Protein chains: 2
Amino acid sequence: MRPDQNSRLLALDWGTSSLRAYLLGPGGVVLQSRSEPWGIMFTPGGDFSATLASIVEAWQLPPSLPAIACGMVGSAQGWREVPYRLCPAGAAELAGGVVNVQRQDGGRLHIVPGLRLDTQPPDVMRGEETAIIGTIAETSDRADALFVLPGTHSKWVRVQDKRITAFETYMTGEMFAALRDHTILGRPARDAQAGMLAPAEDNAMPAAFTRGVTAIRDSGKTRLSALLFSVRTLVLMGQLSAQASLEYLSGLLIGEEISCAAVGGRLGPVLIGDPGLCNRYAHALGLFGIGCTAVSETAVVTGLWQIAGSLGLVEPVLEPSEGKHE
Amino acid sequence: MRPDQNSRLLALDWGTSSLRAYLLGPGGVVLQSRSEPWGIMFTPGGDFSATLASIVEAWQLPPSLPAIACGMVGSAQGWREVPYRLCPAGAAELAGGVVNVQRQDGGRLHIVPGLRLDTQPPDVMRGEETAIIGTIAETSDRADALFVLPGTHSKWVRVQDKRITAFETYMTGEMFAALRDHTILGRPARDAQAGMLAPAEDNAMPAAFTRGVTAIRDSGKTRLSALLFSVRTLVLMGQLSAQASLEYLSGLLIGEEISCAAVGGRLGPVLIGDPGLCNRYAHALGLFGIGCTAVSETAVVTGLWQIAGSLGLVEPVLEPSEGKHE
């Protein structure tokens, strides 16, 4: 394969469990992409430099091509620890905290810092900030908005004047997996070998999921702890099947997250992430009477392009409303 | 060893993880006791009858000796499923639901039913009801009281006129173990090989535990979900050590349980269970301004004696204030 003459930037979304590489052309358009399960906990041989060389090997990139990464690659367990930037922060503040390391080909890799919220207790993120910067850039009506990035550690993020001003973390995805796989709540489904929760890809949301969300919504105050054991008792009493009990558990956890989240006031959020999971959240938000919009999970690529622009690694980014006249 | 001529009742506390056998004399006094890790999930060979014969073998009991058991031995996964009794229920109602099975020696084993609360969602218990019946019998001032039995599945139980009228289950102990062993929250302690939480046997309660309880108490509404990730961020920011982070997590979970519990109104509870764990709960309750008293975990033996009395298996129980005059 010949090197692509249009290459402008190598952009990496390098998290805990996976590494996604994007080769970007003029304006940030994706020319090539590749994904491997080489998250920072799973890099072959524990060698970040060799892992990067390996994922882009077929693209024959010149050492002069700028490269930028975000995510857990900048954590203490990553390639190089990049200190958190404090909120509030936008693309310029994030660019100001970038640290770079040497690539195997002699070029540099710029690593975007995560964000820290200096509250008591504090909160942190690494990677989500870049997706949000990208989402803000994509359309002009998101300069002041609430963003929700559902997942292992869901983030609720408040943006004001294009800068991240506050956020909250909910361990909803990780809680679901731990409760399903390692407590009595998941035993019926484990015994039935039906432990995987099907992603809700369409609007036919399982009734048991709705039941879980509404149980939390109608419990007066946030009462996940008081309702959790009902995942077991409803199965014992024959009121839920083993598989449905996991949908109900998912509804309880997502309902609790929505019920607790305070950072956005009464704003309807913009959802960023896996479409099936976003659909699940949209349904749950609707049960609380909250509207939302969903955007693709590739916003992180736009965010990396934006931050690279702030660093002068690529040509300045045009405003969405402007055309190219030169 | 010769059979004890004073034997009146064989009493078994047969739960999920352990089997405790007590040989009781006149008035329910404990003559002998033995404990084995032969809970219903771990009976040798899956044979309940042989397991019972094995644990009492040295005592050479006659087949005519009455025997009674409570706990998960009466569940669908136990020796014989004994249908739940509905609340409200006291010693007489529990005795009315007893089912018996044949022992290897030709005698019978009576199995006490669990209790079901017919709310939406429903709740259930098996074993705790017997400990509470015993605790009520031990002193005269517990006919109307709130009982808390901390553990894997903590129970908050309301007793009125010596009968259990309502209860709630909190999966606090199981949640703690799942979060410690199977999420990112326990990783620092796992890496430090310091994953065991020392039971708080004295009044020197770890400061991090207190911090967790008060964080929940002061969070306005019950906000465990919003605070859970702080177990990680406080370690990341160097504000908590790996070991202290588990104490903080324990404080969050127990604080949330206390914060959610509603069944007792404003009653100060009677704690029943492991002394170290009860001490932890007493400290947390104190931080909420709630007083409590603690009783030993052997109340279940008194409860089994009481129910056996209701069944006519042993001589009628004397009231605590009466002496023996015959």
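The values are calculated or read from the model by the stated rules, or taken from the named source; none is laboratory data. What you see is a predicted model, and the numbers here were worked out from it, not measured in a lab. Neighbour counts are summed over all protein chains in view; Cβ atoms, including those assigned to glycine, are modelled from backbone coordinates with ideal geometry. Each accessible area value is taken on the protein alone, full model and side chains, heavy atoms only, with ligands, DNA and RNA left out. Shrake-Rupley method; radii C 1.70, N 1.55, O 1.52, S 1.80 Å.
Would you mind computing Rg(Cα) / (2.2 N^0.38 Å) for chain B, counting N as its residues?
Here the Cα radius of gyration is 1.07 times the empirical estimate.
Helix B:299-310: angle to the longest alpha-carbon principal axis of chain B, degrees 0 to 90, nearest 10?
The angle comes out near 30 degrees.
Which value in nm describes the separation of the simple spin-label points at A:Asp144 and B:Gln77, placed 7 Å from the Cα toward the beta carbon?
It works out to 5.5 nm between the two label points.
Give the carbon-plus-sulfur fraction of the accessible surface of segment B:168-301 in %, rounded to a whole number; probe 1.4 Å, heavy atoms of protein chains only.
54 percent
Rounded to a whole number, what % of the accessible area of segment A:1-141 do carbon and sulfur atoms account for, probe 1.4 Å?
Answer for segment A:1-141 is 48 percent, counting heavy atoms of protein chains only.
Points 7 angstrom from Cα along the Cβ direction at B:Thr293 and A:Gln5: gap in nanometres?
Using points 7 Å along Cα→Cβ, the separation is 9.1 nm.
Which number comes out as Rg/Rh for segment B:17-61 once both Rg and the Kirkwood Rh are worked out on C-alpha atoms?
1.02
In degrees from 0 to 90, rounded to the nearest 10, what is the angle of the helix A:128-138 Cα long axis to the longest principal axis of chain A?
The two axes meet at around 70 degrees.
Place the peptides B:287-300, B:166-179, A:25-38 in order of packing, highest mean first, counting for every residue the other Cβ atoms within 10 Å and averaging per peptide.
B:166-179, B:287-300, A:25-38
Could you compute how fast the protein assembly as shown diffuses translationally, taking Rh as the Kirkwood radius over C-alpha pairs and applying Stokes-Einstein at 20 °C with viscosity 1.002 mPa s? Give it in µm² per second.
78 µm²/s
Taking each pair of distinct Cα atoms in segment A:28-181 once, what is the resulting Kirkwood hydrodynamic radius in Å?
Value: 17.0 Å, from the Cα pair sum.
For the pair A:Arg266/A:Gln102, report the inter-label distance in nm, with labels modelled 7 Å from Cα in the Cβ direction.
5.8 nm
Okay, helix-only estimate at 222 nm for the protein assembly as shown: each DSSP H run of n ≥ 4 adds -39500 (n - 2.57), divide by all residues, round to 500 deg cm²/dmol; what do you get?
After summing the helix terms and dividing by residue count, I get -9500 deg cm²/dmol.
In Å², and per residue, what accessible area does chain B have when probed at 1.4 Å with the other protein chains present?
Per-residue accessible area for chain B comes out at 41 Å².
Net charge near B:Arg34, counting Lys/Arg +1 and Asp/Glu -1 over other residues with Cβ under 15 Å of its Cβ?
Once positives and negatives cancel, what remains is -3.
What is segment A:106-178 by shape, rounded, prolate or oblate, if you read a ≥ b ≥ c off the alpha carbon gyration tensor as root eigenvalues and call it rounded for a/c under 1.5, prolate for a/b larger than b/c, and oblate otherwise?
Taking the square roots of the gyration eigenvalues as a ≥ b ≥ c, segment A:106-178 is oblate.
Comparing the chain by itself with all protein chains present, which residues of segment A:167-185 are at least 30 Å² less accessible (probe 1.4 Å)?
A:Thr169, A:Tyr170, A:Met171, A:Glu174, A:Met175, A:Ala178, A:His182, A:Thr183, A:Ile184
Would you mind calculating the gained length between B:Ala50 and B:Val29 on full extension (0.36 nm times residue separation, minus the Cα-Cα distance), in nm to one decimal?
Result: 5.0 nm gained on full extension.
Averaged across the residues of B:107-120, what count of C-beta atoms belonging to other chains lies within 10 Å of each residue's C-beta?
Going residue by residue through B:107-120 and averaging, the value is 1.
Using Cα centres only, tell me the gap between segment A:119-173 and segment B:220-280 in whole Å.
Their Cα centres are 28 Å away from one another.
Give me the net charge of A:Arg80's neighbourhood, meaning all other residues with Cβ under 13 Å from the Cβ of A:Arg80; Lys, Arg count +1, Asp, Glu -1.
Net charge in that neighbourhood comes out at +2.
Tell me the angle of helix A:275-287 to the major Cα principal axis of chain A, expressed in degrees between 0 and 90 and rounded to the nearest ten.
Between the helix axis and the principal axis of chain A, the angle is about 50 degrees.
Compute the signed sum of charges (Lys and Arg +1, Asp and Glu -1) over the other residues within less than 12 Å, Cβ to Cβ, of B:Asn100.
Once positives and negatives cancel, what remains is +3.
How many angstrom lie between the Cα centre of segment B:62-111 and the Cα centre of segment B:29-45?
Centre-to-centre distance over Cα atoms comes out at 16 Å.
Beyond 27 Å, what share of the Cα-Cα pairs of segment A:108-244 remains, rounded to the nearest whole percent?
Counting pairs separated by more than 27 Å, the tail of P(r) holds 39 percent.
Mind checking how much accessible area A and B bury in total, 1.4 Å probe, in Å² rounded to 100?
Summing both chains' loss of accessible area gives about 3600 Å².
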